[in-house]
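These notes concern the structure reproduced below.
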């Protein structure tokens, strides 16, 4: 899968709310004051993504709703995305 193809899926699944947060993601979000809506908006409007072969996941460098930098790690799993955030 190319980065362009993955980005289309990531944006679409995020727009549809098909996001599952890992426990790690939820913990980091609480620590950093990031909301689910920030993650969803960041993924739905993500400018790009890059493949991380060592992790088997996509790295999405994007922004939350207040324009703060947000890094979301995404695994495409069936018809949803599973994310962790930092």
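Some points to look at:
- Residue in the stretch 20-40 that is part of a strand (DSSP E or B), free of Cβ contacts under 8 Å to residues at least 40 places away in the same chain and out of contact with any helix residue (DSSP H, G or I) (no Cβ under 8 Å at 6 or more places or on another chain) present: no
Rundown of residues vs (1) touching a helix residue (DSSP H, G or I) at 6+ places or on another chain (Cβ under 9 Å); (2) assigned to a strand (DSSP E or B); (3) loosely packed, with under 14 Cβ neighbours inside 10 Å, yes/no style:
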position: 4; (1), (2), (3): no, no, yes
position: 7; (1), (2), (3): no, no, no
position: 58; (1), (2), (3): yes, yes, no
position: 61; (1), (2), (3): no, yes, no
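- Qualifying residue in the stretch 70-84 (condition: in contact with a strand residue (DSSP E or B) (Cβ under 8 Å, 6 or more places away or on another chain), surrounded by fewer than 14 Cβ atoms within 10 Å (Cβ to Cβ) and more than 17 Å from residue 20 (Cα to Cα)): no
- Taking the criterion of being within 12 Å of the chain's Cα centre (by Cα), assigned to a strand (DSSP E or B) and farther than 17 Å from residue 13 by Cβ, the residues of the stretch 63-86 that qualify are 63, 71.
- Restricting attention to the stretch 41-56 and to residues that are touching a residue at least 40 places away in the same chain (Cβ under 8 Å) and part of a strand (DSSP E or B), the residue that is surrounded by the fewest Cβ atoms within 10 Å (Cβ to Cβ) turns out to be 50.
Every number here is computed from the coordinates shown, using simple stated rules; none is lab data. These figures come from a predicted structure and were not determined experimentally. Note that we place each Cβ from the backbone using ideal geometry, even for glycine, and neighbour counts take in every protein chain shown.
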